[in-house]
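As structure tokens, the structure follows; a few thoughts come after it.
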Amino acid sequence: MTDTPPDHLAINPDSPFFDQAALERGVGIRFKGAERRDVEEYSISEGWIRVGLGKKVDRQGRPLTIKLNGPVEAWFERPADGAETGEDTAESTAH
């Protein structure tokens with residue numbers, strides 16, 4: 001897995017953009033310069049996020065969401081399993 005999060009990611013398992021491996025690493029989102037912890041889905045290239053609309057749900061019991069447009073940045077909060085840090089790599093190549 002790369003150190004770049006997917007361009008489009010959703011937390012809903014029924015979505016075609018659901019990626020369990022990426023979600024397990026934790027994805028941080030910055031929207032319009034502020035960190036958000038309530039993002040249900042995002043698209044970096046299209047510049048939008050979806051967030052829950054309170055406790056409201058649709059007929060199937062899924063949370064209602066609202067789409068907000070603006071600049072989106074994403075990053076992984078934890079390194080991939082088995083990935084070495086830059087310091088370890090530098091030390092191992094120096095010897």
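Miscellaneous remarks
- Matching residues, the stretch 1-40, being open to solvent by less than 90 Å² (accessible area, probe 1.4 Å), assigned to a strand (DSSP E or B) and free of Cβ contacts under 8 Å to residues at least 60 places away in the same chain: H8, A10, F18, V27, G28, I29, R30, F31, A34, R36, V39, E40
- Pick from the stretch 60-74, criterion open to solvent by 70 Å² or more (accessible area, probe 1.4 Å) and modelled with pLDDT of 95 or more, ranking: farthest from N12 (Cα to Cα): P71
- When we screen G70, G47, G61 for residues that are without any contact (Cβ under 8 Å) to a residue 24 or more places away in the chain and of a type outside the set (V, I, T), the only hit is G61.
- Yes/no for D7 being among the acidic types (D, E) and modelled with pLDDT of 95 or more: yes
- Some residue of the stretch 58-69 being within 13 Å of the chain's Cα centre (by Cα) and at negative phi: no
The values are calculated or read from the model by the stated rules, or taken from the named source; none is laboratory data. Predicted, not measured: the structure shown is a model, and the values here were computed from it. Every residue, glycine as well, gets a Cβ built from its backbone with ideal geometry; the counts of neighbours run over all protein chains shown. Quick note on the areas: whole protein, heavy atoms, side chains included, nothing else; ligands and nucleic acids left out. Shrake-Rupley method; radii C 1.70, N 1.55, O 1.52, S 1.80 Å.
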